[in-house]
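**Q** Starting off with a structure, shown below.
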Amino acid sequence: MDGQNDLERLMIFKDALNNAEAKYLKNPTDADNLTTWGGILLELSQFGDINDSKKMLKDAVSKLDEALTINPAKHEALWCLGNAHTASAFLIFDQDEAKIQFDLALECYQKAVEECPGNEHYLQSLASCMKAPKLYKEIHENGGISQAQTLGGGSAASSRAKGSAKNKTSDLTYDIFGWMILTVGLVAWLGMAKSRVSSSPPS
C-alpha cells in the first residue's frame, strides 16, 4: 500500500520535473520555475538510496542558488534551500562538514524570515534547524546513518534480512528522513503550487 503511494508520488514528481525542465528551456531566468524545480528535486531526494539522495540534494541546491541569483529576496527559494542544506547535513558522516550545512541552512531560514516576517513555516523551520545538530548527533552516535548507507535504497525486504537490531535502527533512520524530507517537501510543494495559482508570471 505504501509502495503504491510512493510510486504514485514518484510519478507525479517526475512529471513535474519534466515540466520544470521544459519551462527552463523556454525561460532560464524564471526564478519561480527554478524554485519549483529545486523543491521537486528536494522531494525526489527521498526516493532511492543515499547516494541518489545526495545527488538530488546537490542538484536542488544548484537550482535554488540559481533562483536566488536572479532574485536574492525570494523567500520561498531561501526556505527551500535551507531545507536542502538541512537534509544534506543528515547524510554527511563528518560532523564538521555537517555543521557547515546546518549553518548554511540556519542562514537561509533567517533570511527567509527577514524577507517574510511572521511566516509560520519559516519560523518553525528556523526553530527546528537550531535543534537539528543535536538530532544529528544522536542518530550518528547510534550508527543509524551508516546502517542506512549499508542497506541502501530503503528496501523493507533487505532491512528484514539484516536482522531485528539493525532493522530497528534503519527504520528509525528512514522514519526521521521520511519525516524531515516529506514534511519539508510537501509543505514546499503546496506553498509553491498555491503561489503559482495566486501570482501570474510577468510577461
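**Q** Looking at segment 54-94, which of its residues are among the polar types (S, T, N, Q) and buried (at least 23 other Cβ atoms within 10 Å of the Cβ)?
**A** Once the filter is applied, which keeps residues that are among the polar types (S, T, N, Q) and buried (at least 23 other Cβ atoms within 10 Å of the Cβ), segment 54-94 yields Asn83, Thr86, Ser88.
**Q** Right, another one. Could you check Gly82 against (1) more than 11 Å from the chain's Cα centre (by Cα); (2) at pLDDT 90 or above; (3) of a type outside the set (A, V, I, L, M) and say which number it fails?
**A** With (1) more than 11 Å from the chain's Cα centre (by Cα); (2) at pLDDT 90 or above; (3) of a type outside the set (A, V, I, L, M) applied to Gly82, the lone miss is (1).
**Q** Across segment 89-126, what is the total count of residues that are within 20 Å of Met56 (Cα to Cα), touching a residue at least 24 places away in the same chain (Cβ under 8 Å) and not in a helix (DSSP H, G or I)?
**A** Adding up the residues that qualify gives 2.
**Q** Within segment 48-58, does at least one residue satisfy the condition of being in contact with an Asp or Glu (Cβ under 9 Å, 6 or more places away or on another chain), farther than 16 Å from Leu104 by Cβ and among the acidic types (Asp, Glu)?
**A** No, segment 48-58 has no match at all.
**Q** Considering only segment 1-40, state which residues are in contact with a Lys or Arg (Cβ under 8 Å, 6 or more places away or on another chain), assigned to a helix (DSSP H, G or I) and in contact (Cβ under 8 Å) with a residue 40 or more places away in the chain.
**A** Matches in segment 1-40: Ala31, Asp32, Leu34, Thr35, Thr36, Gly38.
The values are calculated or read from the model by the stated rules, or taken from the named source; none is laboratory data. This one's a predicted model, so the numbers in the text were calculated from it and none came from an experiment. When we count neighbours, we look across all protein chains shown, and the Cβ atoms used for this are built from the backbone with ideal geometry, even at glycine.
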